[in-house]
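Engineer: Got a structure for you, written out below as structure tokens; questions coming shortly.
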Amino acid sequence: MAIEKGDVIKLSYTGKFDEEQIFDTTNEELAKENEIYNPRGMYGGDVVIVGAGHTIAGLDEDIAGKEVGFTGTVIIPPEKGFGAHDPKLVENVSITKFTDQKAYPGMNIEIDNKRGTVTKVIGRRVRVDFNHPLAGKEVTYDYTIEEKLEDVAEQVKGLLALYTGIPDLEVEVNDKKVAITVPAMLSFNQRWLMAKGRVASELVEYVGLEEVSYVEKYPLPTPEPAAEEEAEEVTESEE
């Protein structure tokens, strides 16, 4: 059966530009070989919802209509990839913005909540390109549709992993309701705080759930030995 918009699938892929320059992959060994490995990243394939914008438009569109097990390549123009290069997003900023380290061409920087790349340093002015690094480039994706997920709990876990990088969060599905246990570390994660509303909306729209609940879990700290107990242990050891 052909893959349709709204299907939850597991997708393996490798993205390239300038013919063979790899910039993204779900293959861990390939990531290490090309020096783009992220120790906090997830490898082995991403769970995505077709048509939900989890991949760039050109890849998302190419997946629809294919069968599970399909392996192929798609060439994606800038307008359906990372966008055209906008000269208005290239700015000259004061070198005083670089307080932590010296500016140099190729340096990645975040200024005023915008991420960019230093392209040139001229005296006390620094030219920063705030376009996506692949803006204006044609990219190629080799990809395989590994499977279509049917189990609701697996769909929920897969989508959560995509947004959090945690592969197996605790979820409980009851009819059309799901309760998601959120570990304490995520409760302070700014990216998660901004994304959890979107996750809930996608679970309702694409997975067919009627209610999404987040349960924050804070384990009790391990109690430290009382001072008296420690003193007794010292006394006993002296004897």
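Engineer: Could you give the length gained by full extension between ALA153 and GLN101, i.e. 0.36 nm per residue of separation minus their alpha carbon distance, to one decimal place?
Structural biologist: 14.1 nm
Engineer: Using +1 on the beta carbon of Lys and Arg, -1 on that of Asp and Glu, and nothing else charged, what's the dipole of the chain about the Cα centre, debye to 20?
Structural biologist: With Lys and Arg at +1 and Asp and Glu at -1, about 2140 debye.
Engineer: Follow-up. Taking θ = phi - 60°, what integer Hz values does the Karplus form 6.51 cos²θ - 1.76 cosθ + 1.60 yield along region 84-95, in sequence order, with x for Gly and Pro?
Structural biologist: Calculated HN-Hα couplings, in order: 6, 7, 9, x, 5, 8, 9, 10, 9, 10, 6, 5 Hz.
Engineer: May I pose another question? Just going by the charge dipole of the chain, with Lys and Arg at +1 and Asp and Glu at -1 on Cβ, which of THR71, ASN174, GLY15 is farthest out on the positive end?
Structural biologist: The Cα lying farthest towards the positive end belongs to GLY15.
Engineer: Just the Cα atoms of region 115-161: what Rg and Dmax do they give in Å?
Structural biologist: Over region 115-161's Cα set, Rg and Dmax evaluate to 20.2, 59 Å.
Engineer: What's the extension gain from GLU138 to LEU30 if we count 0.36 nm per residue and subtract their Cα-Cα distance?
Structural biologist: Difference between extended and current length: 36.8 nm.
Engineer: Which of LYS80/LYS177; LYS88/LYS196; LYS114/LYS196 have a Cα-Cα distance over 28 Å?
Structural biologist: LYS80/LYS177; LYS88/LYS196, as the Cα separations exceed 28 Å there.
Engineer: Compute the label zone of GLU172 within region 195-220: residues whose backbone N is under 13 Å from the point 7 Å along Cα-to-Cβ.
Structural biologist: 213-217
Engineer: Please report the projected area of region 87-176's Cα convex hull averaged over all directions, in nm².
Structural biologist: Spelled out: convex hull of the Cα atoms, projected over all directions, averaged, 10.2 nm².
Engineer: Here is a follow-up. Gaussian network model of the chain, Cα springs within a sub-10 Å range: biggest mean-square fluctuation belongs to which of LEU209, LEU59, LEU193?
Structural biologist: Greatest mean-square fluctuation among the candidates belongs to LEU193.
Engineer: Per residue of region 106-111, in order, report the coupling 6.51 cos²θ - 1.76 cosθ + 1.60 (Karplus, θ = phi - 60°) as ³J(HN,Hα) in whole Hz, putting x for Gly and Pro.
Structural biologist: x, 6, 8, 9, 10, 10
Engineer: Which residues' amide hydrogens lie under 5 Å from the amide hydrogen of TYR214, considering only partners 5 or more residues apart or on another chain, with H built in the peptide plane?
Structural biologist: ILE180
Engineer: Moving to a separate point now. Run the numbers on the chain and let me know its relative contact order in percent, using alpha-carbon pairs under 8 Å that are six or more apart.
Structural biologist: For the chain, the relative contact order is 20 percent.
Engineer: Let me ask something additional. Arrange the following residues from fewest to most other Cβ atoms within 10 Å of their Cβ: ARG124, ARG40.
Structural biologist: Ranked by crowding around the Cβ, least crowded first: ARG40, ARG124.
Engineer: Under a cut-off of 17 Å between alpha-carbon atoms, report the aspartates and glutamates in cross-link reach of LYS217, not counting same-chain residues fewer than 8 places apart.
Structural biologist: Here the aspartates and glutamates satisfying the reach criterion relative to LYS217 are ASP168, GLU170, GLU172.
Here, each number is a calculation from the coordinates, and none is a lab measurement. Worth saying up front: this structure is predicted, and the values here are computed from it rather than measured. Note that each Cβ is placed from the backbone with ideal geometry, even for glycine, and that neighbours are counted across all protein chains shown.
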